[in-house]
1. Using Cα pairs under 8 angstrom and six or more residues apart, how large is the relative contact order of the stretch 2-199, in percent?
2. Just to be sure I understand: of the beta bridges DSSP finds with both ends in the stretch 2-199, what percent are antiparallel, rounded to 5?
3. Taking a quarter of the surface of the convex hull around the Cα atoms of the stretch 39-113, what do you get in nm²?
4. Sorted from fewest to most neighbouring beta carbons within 10 Å, what does the list 192, 139, 185 look like?
5. Mind jotting down the three principal axis lengths of the stretch 48-207 based on Cα atoms? Whole angstrom, largest first.
């Protein structure tokens, strides 16, 4: 997980260890909202929170899709993390198709420890076993999303997808980001943009 966090720090955010802000760039802290013309079935009706975006590429986490049959107690057992009947049963979500064996916790920014990358005042991401243990002990962040995998783009790749009308963008807000009603997030994100899905073409490409 550390190599992914290092990549985030190189692109944007805040280095928790150094405590120094890194200049935010491009779409960091925004939602990507898949258009009806999205050709990749893995991202149909996806809402992705962009953790980092800059000259080196982009990295984000899908925030509106469950990860199959996986659940939090199952994950704790696989990681050998002790838990009790008081442990919160937070959903385990599909963060994206890249390295789905890697876990990420996207969470509110009042929680900070070694390994945490602060994206902005609203959200941070931590990819360590320690945050899982803290959540199990009831000492974790106030709001959190547990994901497996992530979405990644190489240099210029996301820009090309945006140009081809695969995504719409909107500044993220806390309620939509952390809300547990996953099924309605895409519709609510569209409403936040002020666009009805029925108004959008299902064909990608430039006019």
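Bear in mind that the values in this text are calculations on the coordinates, not laboratory data. As the structure is a computational prediction, the values presented were derived from the model and not from experiment. Ideal geometry is used to build each Cβ from the backbone, glycine not excepted, and the neighbour counts take in all protein chains shown.
1. 27
2. Values: 37 of 40 bridges.
That works out to approximately 90 percent antiparallel.
3. With every direction weighted equally, the projected area is 7.1 nm².
4. On the way: 192 16, 139 10, 185 22.
The order, fewest Cβ neighbours first, is 139, 192, 185.
5. 56, 32, 29
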